[in-house]
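**Q** For reference, the structure I am asking about is given below.
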Amino acid sequence: MSWLELLNNLESGAVRAATQDENGQWHANIEVKQGILEAFKNGTNTEFPGGFVDKHNLAPQGFAADAGVRMVPGGSSVRRGAHVAKGTIIMPPAYVNIGAFIDEGTMVDSHALVGSCAQVGKNVHLSAAVQLGGVLEPIGASPVVVEDDAFIGAGCVIVEGVVVKKGAVLAPGVRLSATIPVYDCVNERQLAKGEPIPEYAIVIPGSRPASNTWAREQGLSMSCALIVKYRDEQSDASLLLEEVLR
């Protein structure tokens, strides 16, 4: 498949930068990521209206009304090679990078970033200033994934291939990466490194004592995330989150 065919197939949703196996595990699609890098190599910098400069073959997408996407005026951009499904709302300014996949009915609020190859499911709410990290290299690195019906609160940052499972709720300001520990206060355990945020978990920002003796003596602490409750499929995510944060 040529890089041009690949970009078209990414936009239509026919191929994705990551796929889920029968056990629910997500894996990077290496051939897709290689094709995206090939598109960059074959592009030349060119000027676009408004004073922008980018590769000539990666111009921002436009949407016809019958596509069912509502991109509100005010500075948002969806780059070539990203899939945005019908029913999606994009509030300004927001950015969706190449290789990203956004499924039906999702809200992308102001100042949100959906990074390269990030995968976002159906009926997800990405609140204001949410950052979903992107990854093209290393080629085998899995992207950030937010599954169906998740609610990501304002200012959350999710990077380094973290997976947020179906229906999970992240309170404003939660930071998730490969090195930030997550403690399940309901089941009284620490999630293993690389373990997804479980389905229907409600996660809030937390802190833990610094491991260094001097730092502990100074009363310093380090960031972590705390699972404080689980919702069921019928629970209202925003109401439960408000209850937990009171």
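The values are calculated or read from the model by the stated rules, or taken from the named source; none is laboratory data. Since we're looking at a predicted model, the values are computed, not measured. Positions of Cβ are backbone-derived with ideal geometry, glycine not excepted, and every protein chain shown enters the neighbour counts. Ligands, DNA and RNA are excluded from the accessible area calculation, which covers all protein heavy atoms including side chains. Shrake-Rupley method; radii C 1.70, N 1.55, O 1.52, S 1.80 Å.
**Q** If the Cβ limit is 8 Å and pairs must be 6+ apart or interchain, which residue in region 48-61 that is at pLDDT 90 or above pairs with which residue that is assigned to a strand (DSSP E or B) and open to solvent by 80 Å² or more (accessible area, probe 1.4 Å)?
**A** Close Cβ pairs (under 8 Å, with a partner that is assigned to a strand (DSSP E or B) and open to solvent by 80 Å² or more (accessible area, probe 1.4 Å)) amount to V53/N45; V53/E47; D54/N45; K55/N45; H56/N45.
**Q** With the checklist (1) of a type in the set (A, V, I, L, M); (2) without any contact (Cβ under 8 Å) to a residue 60 or more places away in the chain; (3) open to solvent by 20 Å² or more (accessible area, probe 1.4 Å) in hand, flag the one item L136 doesn't pass.
**A** In the conditions (1) of a type in the set (A, V, I, L, M); (2) without any contact (Cβ under 8 Å) to a residue 60 or more places away in the chain; (3) open to solvent by 20 Å² or more (accessible area, probe 1.4 Å), L136 misses (2) alone.
**Q** Counting only residues that are under 21 Å from Q25 (Cβ atoms) and open to solvent by 30 Å² or more (accessible area, probe 1.4 Å), which one in region 181-197 is nearest to the chain's Cα centre (by Cα)?
**A** Checked region 181-197; the qualifying residue nearest to the chain's Cα centre (by Cα) is P196.
**Q** Follow-up. Considering only region 18-25, I want to know if a residue exists there that is within 24 Å of I89 (Cβ to Cβ), touching a Ser or Thr at 6+ places or on another chain (Cβ under 8 Å) and in contact (Cβ under 8 Å) with a residue 24 or more places away in the chain. Let's see the steps before the verdict.
**A** Of the residues in region 18-25, the ones within 24 Å of I89 (Cβ to Cβ) are 18.
Going one step further and asking which of them are touching a Ser or Thr at 6+ places or on another chain (Cβ under 8 Å), we end up with 18.
From what is left, the residues that are in contact (Cβ under 8 Å) with a residue 24 or more places away in the chain are 18.
Yes: region 18-25 contains one or more residues that are within 24 Å of I89 (Cβ to Cβ), touching a Ser or Thr at 6+ places or on another chain (Cβ under 8 Å) and in contact (Cβ under 8 Å) with a residue 24 or more places away in the chain.
**Q** I'm trying to understand the selection: among the residues of region 51-68, which are among the aliphatic types (A, V, I, L, M) and not in a loop (DSSP other than H, G, I, E, B)? Quick ask: steps written out before the conclusion?
**A** Residues of region 51-68 among the aliphatic types (A, V, I, L, M): 53, 58-59, 64-65, 67.
Answer for region 51-68, where residues must be among the aliphatic types (A, V, I, L, M) and not in a loop (DSSP other than H, G, I, E, B): V53, A65, A67.
**Q** Has region 84-94 got at least one residue that is among the β-branched types (V, I, T) and surrounded by fewer than 18 Cβ atoms within 10 Å (Cβ to Cβ)? Walk me through it before giving the result.
**A** Within region 84-94, the first condition is being among the β-branched types (V, I, T), and the residues that meet it are 84, 88-90.
Now narrow it down to the ones that are surrounded by fewer than 18 Cβ atoms within 10 Å (Cβ to Cβ): 89.
Yes, the conditions are met somewhere in region 84-94.
**Q** Shifting gears a bit: Is there any pair with a first residue in region 68-87 that is within 12 Å of V114 (Cβ to Cβ) and modelled with pLDDT of 95 or more and a second that is among the aromatic types (F, W, Y) and not in a strand (DSSP E or B) whose Cβ atoms are under 9 Å apart and which are 6 or more apart or on different chains, and what are they?
**A** Close Cβ pairs satisfying both conditions: V78/F63; V84/F63.
**Q** Among the residues of region 181-238, what is the count of those that are in contact with a Ser or Thr (Cβ under 6 Å, 6 or more places away or on another chain) and closer than 18 Å to V157 by Cα?
**A** Qualifying residue count, region 181-238: 1.
**Q** Take region 79-130 and flag every residue that is under 17 Å from F151 (Cα atoms) and not in a loop (DSSP other than H, G, I, E, B).
**A** I89, I90, F101, I102, M107, V108, L113, V114, Q119, V120, H125, L126
**Q** Working only within region 150-173, note down all residues that are open to solvent by 10 Å² or more (accessible area, probe 1.4 Å), touching a Phe, Trp or Tyr at 6+ places or on another chain (Cβ under 9 Å) and under 16 Å from A237 (Cβ atoms). Break it down stepwise before answering.
**A** Let us first name the residues in region 150-173 that are open to solvent by 10 Å² or more (accessible area, probe 1.4 Å), namely 151, 154-155, 157, 159-163, 165-166, 172-173.
After this cut, where a residue has to be touching a Phe, Trp or Tyr at 6+ places or on another chain (Cβ under 9 Å) as well, the list is 161, 163, 165-166.
Within region 150-173, K165, K166 meet the criteria.
**Q** Moving on. Collect the residues in region 2-33 that are part of a helix (DSSP H, G or I) and crowded, with 16+ Cβ neighbours inside 10 Å, keeping them in residue-number order.
**A** Within region 2-33, the first condition is being part of a helix (DSSP H, G or I), and the residues that meet it are 3-12, 30-33.
Result: W3, L6, L7, N9, L10, E11, V32, K33.
**Q** OK, next. If A141 satisfies all but one of (1) modelled with pLDDT of 95 or more; (2) part of a loop (DSSP other than H, G, I, E, B), what's the number of the condition it fails?
**A** (1)
**Q** Is it the case that some residue within region 207-223 is of a type in the set (A, V, I, L, M) and buried (at least 16 other Cβ atoms within 10 Å of the Cβ)? I'd like the intermediate steps shown before the answer.
**A** If we filter region 207-223 for residues that are of a type in the set (A, V, I, L, M), which is where we start, we get 210, 215, 220, 222.
Restricting the remaining residues to those that are buried (at least 16 other Cβ atoms within 10 Å of the Cβ) gives none.
No, region 207-223 has no match at all.
**Q** Right, here's the next one. So which residues in region 34-50 are open to solvent by less than 50 Å² (accessible area, probe 1.4 Å) and in a loop (DSSP other than H, G, I, E, B), if there are any at all?
**A** Passing the criteria: only G43.
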